[in-house]
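Novice: A single structure is presented below for examination.
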């Protein structure tokens, strides 16, 4: 069974662009996803997009995963950020919205947005790998 684990998240910036590189691991295999920031994107979005890029590589199936939203939510009764990611999964003309969350302190927010993205896709990954293998 395919079980993707977050190995690393890197966000690098130079004068022209910001790039996110997310590495996922399944056993000894690694899948490296990349995304580049557009002027309207923030780090949450490019990290989530890079994570989805790595997930697509790992699945190696003809499916469509598109990031809908990636954002922090603050609530007075919780002392951490709640990171929320929504992903649209489309197959055979039907679209399902997948959601994932992760609690995070400010220091780990970039790493944890990748975790929230994996949270959104993990049940789908299990389902797709089980149906492919049966």
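Since every read-out is calculated from the coordinates, none of them should be taken as a lab result. Note that this is a predicted model, so its numbers are computed, not measured. All Cβ positions, even for glycine, are placed from backbone atoms using ideal geometry, and neighbour counts span all protein chains on display.
Novice: If you average the sequence gap of Cα pairs under 8 Å that are 6 or more apart and divide by the length of region 5-133, what percent do you get for the contact order? Before the final figure, lay out each step's value.
Specialist: Values: 263 pairs, mean separation 23.1, N = 129.
About 18 percent, as a whole number.
Novice: Among 123, 37, what is the fewest-to-most ranking by other Cβ atoms within 10 Å?
Specialist: Ranked by crowding around the Cβ, least crowded first: 123, 37.
Novice: What do you get for the angle between helix 43-59 and the principal long axis of the chain? Use alpha-carbon atoms, 0 to 90 degrees, nearest ten.
Specialist: Taking the Cα atoms of the chain, the angle to 43-59 is about 20 degrees.
Novice: In nm, give the distance between the simple-model label positions of residue 107 and residue 13, each being 7 Å from the Cα along the Cα-to-Cβ direction.
Specialist: 2.0
Novice: Okay, helix-only estimate at 222 nm for the chain: each DSSP H run of n ≥ 4 adds -39500 (n - 2.57), divide by all residues, round to 500 deg cm²/dmol; what do you get? Can you show the working numbers first?
Specialist: On the way: 2 runs with 42 residues, N = 134.
Helix-only estimate at 222 nm: -11000 deg cm²/dmol.
Novice: For the chain, what is the largest minus smallest coordinate of the Cα atoms on each principal axis, given in angstrom and ordered from greatest to least?
Specialist: 44, 38, 31
Novice: Order by neighbour count: 75, 111, fewest other Cβ atoms within 10 Å first, most last. List each step's numbers first, then the result.
Specialist: On the way: 75 9, 111 17.
So the residues, fewest neighbours to most, are 75, 111.
Novice: I've got another one for you. Where does helix 109-133 land angle-wise versus the long Cα axis of the chain, in degrees 0 to 90, nearest 10?
Specialist: 10
Novice: Only counting other Cβ atoms within 10 Å, I'd like 44, 31 sorted with the fewest neighbours first. Intermediate results must be reported in sequence, preceding the final value.
Specialist: Values: 44 24, 31 20.
Fewest-to-most ranking of 44, 31: 31, 44.
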